[in-house]
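Worksheet: the structure to be examined is printed underneath.
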Amino acid sequence: MLTASKLTKQFTGLLAVNEVDVAVEAGSVHGIIGPNGAGKTTLFNLISGLLPPTSGSLTLDGRDITAAAPYERTRLGVARTFQNIRMFSDMTVIENVMTGMHTRLEYSGVAALFRLPAFRRGERAAKERATELLEFVNLAGKARSRSGDLSYGDQRRLEIARALAGDPRLLLLDEPAAGMNPTETRDLATLLRQVGQRDITLLLVEHNMGFVMDLCDRITVLNFGRKIAEGTPRQVRDDPSVIEAYLGTKVAERLAKAHGA
Ligand SMILES: Nc1ncnc2c1ncn2[C@@H]1O[C@H](COP(=O)(O)OP(=O)(O)O)[C@@H](O)[C@H]1O
Ligand SMILES: [Mg+2]
C-alpha cells in the first residue's frame, strides 16, 4: 500500500532519516520502533507530508506521492495522530471529532455562511457520524466535555476518533500508548484491532514493547536514522543488532521481558 524508497531527511548536519526503505502491506499492522531520536517521528512527518524529504520517494497504491501536499494525502486516505497530542482543547470532544471531517463535508462555504439546508443536513450527518466514532472509541459519555479536561488516555482516543473521521485507509499513530496506564493500554490494543477490522492499515510508532509485539504483523527498526532490522515481531526481537541498539536503555529491559526472560 505504502512504500518508501531510500527516503532521506537531512536537518543541518544530521541525517534524521537515512535512505530508509519500508513497504507497508494493505491490511497489516506495521510497527516502527527504535531508540529515542532514531527518526521515527521524522519518518511519520515525511509520510504525512508535513516535511519534504531531502531525497528518496514515497508511493501510495503505486502512485507517487513524494511531492503531494498534506491535504492531498489526507484526501488519498492517509491520517495520523501526534506524539504530542494536538487538538483544540477549548472545544468539546464531539466538536474535535467534527474538525476531522472538514475534508469530507459536502456543503460549500457559502452554504455554511448562510446556514442553507445543505449545510444543516451536512452538519446533522456529521454529528451522527461523530457520535458513532465516539461510541467506537468509548468516549460517547464525554461528547460534550471540554477536550482539554479529558484524561491523557481519553485525549489519545479522541485523537484516534478525529483521525478516523476523515475515513482514512492508512492510519499513522505516533506513540498512541504514551502516558496510558496498563488497563488503558490493553483497551487501546483492542480498539486498534477493531480499527484494523475496518479495512484500515495501521502504521504505528510505539515504545511499549509488549504492545508492539502483540499487535504488529511486521516491524521495522530504526537506529540513528537507518533501518537496522525488519521482520515479524519474533524475528526482530531475536535480532542481535536490535538488542544492541537498545542496550543500555530501559527499552532493552522491556525487550527482554517481551522475550520472556
Ligand atoms: N525539525 C527538526 N530540526 C532539526 N532536527 C530535528 C528536527 N526534528 C527532529 N530532529 C532531530 O532528528 C532526530 C530524529 O528525531 P525524531 O524523528 O523525533 O526521533 P524519534 O521520533 O525516533 O524519537 C533527532 O536527533 C532530532 O533531534
Ligand atoms: Mg518521536
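The values are calculated or read from the model by the stated rules, or taken from the named source; none is laboratory data. This is a predicted model, so every value here is computed, not measured. So basically every Cβ, Gly included, is an ideal-geometry build from the backbone, and we count neighbours across all protein chains shown.
Each row is one residue, and each column tells you yes or no for (1) farther than 18 Å from GLU175 by Cα; (2) basic (Lys, Arg); (3) within 15 Å of the chain's Cα centre (by Cα).
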{"position": "GLY13", "(1), (2), (3)": "yes, no, no"}
{"position": "VAL22", "(1), (2), (3)": "yes, no, no"}
{"position": "GLY31", "(1), (2), (3)": "no, no, yes"}
{"position": "PRO35", "(1), (2), (3)": "no, no, no"}
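For the stretch 37-52, give me each residue that is at negative phi and either among the aliphatic types (A, V, I, L, M) or more than 16 Å from the chain's Cα centre (by Cα) (or both). If you could, list the steps in order and put the result at the bottom.
Going residue by residue through the stretch 37-52, those that are at negative phi are 38, 40-48, 50-52.
Within the stretch 37-52, ALA38, LEU43, LEU46, ILE47, LEU50, LEU51, PRO52 meet the criteria.
In the stretch 227-240, the residues that are outside the structural domain of ASP214 (by TED's automatic domain parsing) form no Cβ pair under 9 Å with any partner that is crowded, with 19+ Cβ neighbours inside 10 Å, whether six or more places apart or across chains.
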